[in-house]
1. Around G141, which amide H atoms from residues at least 5 apart in sequence, or from another chain, sit under 5 Å from its own amide H, with H modelled in the peptide plane?
2. Ignoring everything except DSSP H segments at least 4 long, calculate the 222 nm mean residue ellipticity for the chain; use -39,500 (n - 2.57) per segment, divide by total residues, nearest 500.
3. Rounded, prolate or oblate: which fits the stretch 114-207 when a ≥ b ≥ c are the square roots of the eigenvalues of the alpha-carbon gyration tensor, with rounded for a/c under 1.5 and prolate only if a/b beats b/c?
4. Sort I227, I114 so that the residue with the fewest other Cβ atoms within 10 Å of its own Cβ comes first and the one with the most comes last.
5. Using a simple spin-label model with points 7 Å from Cα along the Cα→Cβ vector, what separation in nm is obtained for H174 and T139?
6. Return the Rg/Rh value of the chain, two decimal places, where both radii are evaluated on C-alpha atoms and Rh is the Kirkwood radius.
7. Over 19 Å apart: what share of the alpha carbon pairs of the stretch 179-297 falls there, rounded to a whole percent?
8. Rounded to the nearest 20 debye, what is the charge dipole size of the chain about its Cα centre when +1 sits on each Lys and Arg Cβ and -1 on each Asp and Glu Cβ?
Amino acid sequence: MGAPDSPGRVEHVDGAGGLATMAKAALPAVPGVNQLPGIKKTSRTLPDLELRRDDVEVRRDEVDRYAEVCGFPRRDTAPVPYLHMLAFGLHMAMMTDAAFPFPAIGSVHLENTIAQHRPVAIGERVSLGLRAANLRTSTKGRAWDMLVTGTVGDEVVWESTSTYLRLGGGDKEHGDRGTELAPVEARGAVWEVPENTGRRYAAVSGDRNPIHLYPLTAKALGFKRHIAHGMWSKARCIAALENRLPDAVQVTVAFKKPIFLPGKVRFGAARREDGYGFTLVDPRTGAPHLLGRATAL
């Protein structure tokens, strides 16, 4: 991981976005509307831009709400993926910036890597900066990375790389194939994933993408039912492994098939020389929803 060169433009973002941001995100995906000046996506490159949220308090009440939704115990430190939630507004602000080349709605979250250099304590104040980088051709379309760095003072405590995909125009032979993660046999518990999981996670994360909320809103975007957030599924897996992971840890996942709500998933984890491999699968078919690995930093 690591930040790219200094950006040409730095902007500060307040909060997690909300419904107004989601509405702005949806406009470039609406036929006809997406051709209007100021909405039409015309850029072919990622913007030379850094977005920031500075001096954000890690609050007990918000951490506890997140922990309850994702299955973490109550602790005096934030769960490993918690700062992704604080950075979600930066992701949305970047993808709704006029200079960003792709609409937010319809962009697929393919992979996520989080590097926690040390746990962040309740009450600490974190500053977050986001850049978009590494636009490339994948096997299925155009992919890019969202790079987030979290600092306490001058100390880098947390980093993440979220890889997104825009379908279409890929190169099956020469395109980027993404991170190769070894499969894991799922022999663990079967978890019930309730119908309201997407709405509960949206309430704590700010990610109110319609594909996660209700069957009708998901069908409007081409899904047979609403689906769980990928970052909820990653968080739920980390929660199951948390007491086996070191304080300084890197966790990478690749998102595979969506989890339709309500649903069931089977968890699996295996000890490896460099840490743990883990997975979530459909308990009936064995088809993977997520593949992951956790290693010490």
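1. The list, which skips near neighbours in sequence, is G168, G170, D171.
2. Counting only the DSSP helices, I get -6000 deg cm²/dmol.
3. On the way: a/c = 1.81, a/b = 1.21, b/c = 1.50.
It is oblate, given that a/c is not under 1.5 and a/b is not larger than b/c.
4. Values: I227 23, I114 27.
Result, fewest neighbours first: I227, I114.
5. My value for the distance between the label points is 1.7 nm.
6. 0.94
7. Values: 3295 of 7021 pairs.
Beyond 19 Å sits 47 percent of the P(r) for the stretch 179-297.
8. In total the dipole reaches around 1340 debye.
Every number in this text was worked out from the coordinates using simple rules, so none of it is lab data. Quick caveat, the model's predicted, so the values are computed rather than measured. Positions of Cβ are generated from backbone atoms using ideal geometry, with glycine treated the same way; all protein chains shown enter the neighbour counts.
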